[in-house]
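Readers should treat all values here as calculations from the given coordinates under stated rules, not as data from a laboratory. Predicted model, so just to flag it, every value in this text is computed and none were measured. All Cβ positions, even for glycine, are placed from backbone atoms using ideal geometry, and neighbour counts span all protein chains on display.
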Amino acid sequence: MNNLPNIRPFRPDDLDEIKRITVAAFAPVSIDRNIEQQFGELNQKDWTWCKSRQIDADCQANPAGVLVAETGGNVVGYVTCRIDRETLVGWIPNLAVQVTLHRQGVGKILLEAALEYFRTEGMKHARIETLQQNPIGQFLYPNLGFQEIGRQIYYMMAL
């Protein structure tokens, strides 16, 4: 990427754009989409609604921990951060970059900013998760120093 993005704090007027970026970026790697493909929409709510609701929750829970990547005045990515002051673990529930900018360093810059945010907040560890079907995450996270600690299998059934 020629112009590195500026990382700045989230503003409420960013919400619609980060949701748009989320839906595009998570389409091939979303547990919500996997569920919909197998079971259909959940109570007439499609996977994009479910995933977008997670972004709403992140922004409400810790707006100071939502960092936005911006290039030329346009939002091109974001990362959400949550902090646990009891365990001193910072958690990254969501990270997304505009699809046209994948593999150009924007995600790395966002993760580095998130890690610095955690350090500033006194966190001692950082946590992030990804699905097996996400090759970008499986490459990027270990390259930044994250260590795999376990794998989880998701199950669901109709009632």
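Bridgeable lysines around K108 (alpha carbons under 30 Å apart, same-chain partners fewer than 8 residues away excluded): K19, K51, K124. Taking the longest Cα principal axis of the chain as reference, the axis of helix 15-26 is set at about 60 degrees.
The magnitude of the dipole of the chain, with charges of +1 and -1 set on the Cβ of Lys/Arg and Asp/Glu and taken from the Cα centre, is near 260 debye. Partners of K45 within straight-line reach, counting aspartates and glutamates whose Cα lies under 12 Å from its Cα and excluding those fewer than 8 residues away in the same chain: D32, E36. I'd like the orientation of helix 47-61 relative to the chain: the angle between its Cα long axis and the longest Cα principal axis, in ° from 0 to 90, rounded to 10. Taking Cα atoms only, the helix is inclined about 40 degrees. What's the angle, to the nearest 10 degrees (0 to 90), between helix 106-120's Cα axis and the longest principal axis of the chain? The angle comes out near 70 degrees.
What does the charge dipole of the range 87-159 about its Cα centre add up to, to the nearest 20 debye, if the Cβ of each Lys and Arg holds +1 and the Cβ of each Asp and Glu holds -1? Kindly include the intermediate steps, with their values, before the conclusion.
Details: 6 positive and 5 negative charges, 16 e Å.
That gives a dipole near 80 debye.
Just want the answer: with Cβ charges of +1 for Lys and Arg and -1 for Asp and Glu, which residue in G65, C81, N134 is farthest toward the dipole's positive end in the range 30-159? Farthest towards the positive pole: N134.
Answer rounded, prolate or oblate for the range 6-143, using the Cα gyration tensor with square roots of eigenvalues a ≥ b ≥ c: rounded when a/c is under 1.5, else prolate when a/b is larger than b/c, else oblate. Cα axes put the range 6-143 in the rounded bin.
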